[in-house]
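Just below is one structure, and these are the notes that go with it.
The values are calculated or read from the model by the stated rules, or taken from the named source; none is laboratory data. Computed from a predicted model, the values in this text were never measured in an experiment. Please note: Cβ atoms are built from the backbone with ideal geometry, for glycine as well, and neighbour counts cover all protein chains shown.
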Amino acid sequence: MIEIKHLQKSFGEKHVLKDVNLTIEKGKTTCILGGSGSGKSTLIKCLIGLLETTGGQILVDGRDITKIKSEMKLAAVRRRFGYLFQEGALFDSMTVGENVTFGLKYLTDVPEADYPKIIKEKLALVGLKEEVAKLNPSELSGGMKKRVSLARVLAVEPEVILYDEPTTGLDPIMSDIISDLIIDLKNKLGVTSVVITHDMHSAFKIADKIAFLYEGNMLLQGTPDEFRKTDNPYVKQFVAGSSKGPIQMKLMKE
Ligand SMILES: Nc1ncnc2c1ncn2[C@@H]1O[C@H](COP(=O)(O)OP(=O)(O)OP(=O)(O)O)[C@@H](O)[C@H]1O
Ligand SMILES: [Mg+2]
């Protein structure tokens, strides 16, 4: 569905993405792994057109979206993508229900009379009861906030969901519940998922394909099994979470 070819993105002299190649298949879950500052969020932002690329192509259904100049046409592509922010980014001044329908109000012409039905349906998809709609985000736990954010993404019925670190900051059990939810949504709705994560346990569980971003290139792409068995010393170190190996973290600002 999405083909990223020789993608480059620089910020001035800083070449964050040098030659990124990745195929994202329809209805599958692709996990993107990589160290802090390796450019994972930059890649996702290029995908939804929030950042202008400096080279290469991003083909969505065969069409290069990096060449689209018209705001209206770009907005039409963006509508097909749902973006789950790392922080959840719920609006504290609105109820859960208002948060869930926020995108509907601004992006669609769905009549307001349909909102209660949609709120109920989307909350059910993420395993929450209808009563939660009346609460304020401040009354929710971290795991519930993630679910509500996901319900808000689902409300606009995207074809592709981009998750930026969906399990970060959650306890291991809640992380696993969120992983199950990602699998469940794939099976129920057939959505295409792209998941940025540091959580190896989650990646191995949910991914059809894993891609490892390192120094501006996709160092390895493959099935979870291929990742477990790889001889690549960089990937092995990352998967093991070890400070010993070829990857040297840059602790000082270059
Ligand atoms: N708008 C920007 N202007 C300049 N440099 C930027 C900008 N956005 C990102 N960068 C730089 O690009 C690099 C990659 O950042 P990015 O946020 O994509 O990393 P990441 O892999 O998502 O990291 P993390 O795992 O910590 O979220 C960093 O060195 C960052 O400083
Ligand atoms: Mg990031």
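Tell me which residues, restricted to the stretch 86-117, are of a type in the set (A, V, I, L, M, F, W, C) and surrounded by 14 or more Cβ atoms within 10 Å (Cβ to Cβ). Within the stretch 86-117, L90, M94, V96, V100, F102, L104, V110 meet the criteria.
Yes/no per residue for (1) modelled with pLDDT of 90 or more; (2) more than 30 Å from L59 (Cα to Cα); (3) of a type in the set (D, E):
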{"residue": "F91", "(1), (2), (3)": "yes, yes, no"}
{"residue": "V132", "(1), (2), (3)": "yes, yes, no"}
{"residue": "L135", "(1), (2), (3)": "yes, yes, no"}
{"residue": "G143", "(1), (2), (3)": "no, yes, no"}
{"residue": "K146", "(1), (2), (3)": "no, no, no"}
{"residue": "L170", "(1), (2), (3)": "no, yes, no"}
{"residue": "I173", "(1), (2), (3)": "no, yes, no"}
{"residue": "D180", "(1), (2), (3)": "yes, no, yes"}
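Of the residues making up the stretch 185-202, one or more are out of contact with any helix residue (DSSP H, G or I) (no Cβ under 8 Å at 6 or more places or on another chain), farther than 26 Å from K45 by Cβ and either away from ligand 1 (no atom under 14 Å from the Cβ) or at pLDDT 90 or above (or both).
Within the stretch 80-100, can one find any residue that is of a type in the set (F, W, Y), touching a Pro at 6+ places or on another chain (Cβ under 7 Å), touching a residue at least 24 places away in the same chain (Cβ under 8 Å) and closer than 29 Å to H6 by Cα? Yes: the stretch 80-100 contains one or more residues that are of a type in the set (F, W, Y), touching a Pro at 6+ places or on another chain (Cβ under 7 Å), touching a residue at least 24 places away in the same chain (Cβ under 8 Å) and closer than 29 Å to H6 by Cα. Name the single residue, out of those in the stretch 147-191 being under 14 Å from G27 (Cβ atoms) and touching a Pro at 6+ places or on another chain (Cβ under 9 Å), that is surrounded by the fewest Cβ atoms within 10 Å (Cβ to Cβ). Per the stated criteria, the residue is V191. The single condition among (1) part of a helix (DSSP H, G or I); (2) in contact (Cβ under 8 Å) with a residue 24 or more places away in the chain that P116 does not meet is (2). Each residue in the stretch 24-61 was checked for being of a type in the set (A, V, I, L, M) and either modelled with pLDDT under 90 or within 15 Å of ligand 1 (Cβ to nearest atom) (or both), and 8 pass. Is there a residue being within 16 Å of ligand 2 (Cβ to nearest atom), in a loop (DSSP other than H, G, I, E, B) and outside the structural domain of N136 (by TED's automatic domain parsing) anywhere in the stretch 15-36? For the stretch 15-36, residues within 16 Å of ligand 2 (Cβ to nearest atom), in a loop (DSSP other than H, G, I, E, B) and outside the structural domain of N136 (by TED's automatic domain parsing): present. Please state which of the following conditions L219 fails to meet, knowing it meets all the rest: (1) in contact (Cβ under 8 Å) with a residue 24 or more places away in the chain; (2) crowded, with 16+ Cβ neighbours inside 10 Å; (3) more than 18 Å from the chain's Cα centre (by Cα). Among (1) in contact (Cβ under 8 Å) with a residue 24 or more places away in the chain; (2) crowded, with 16+ Cβ neighbours inside 10 Å; (3) more than 18 Å from the chain's Cα centre (by Cα), L219 violates only (1). Looking only at the stretch 166-183, which residues are over 16 Å from the mean Cα position of the chain (by Cα), touching a residue at least 12 places away in the same chain (Cβ under 8 Å) and assigned to a helix (DSSP H, G or I)? Hits for the stretch 166-183 are P172, M174, D176, I177.
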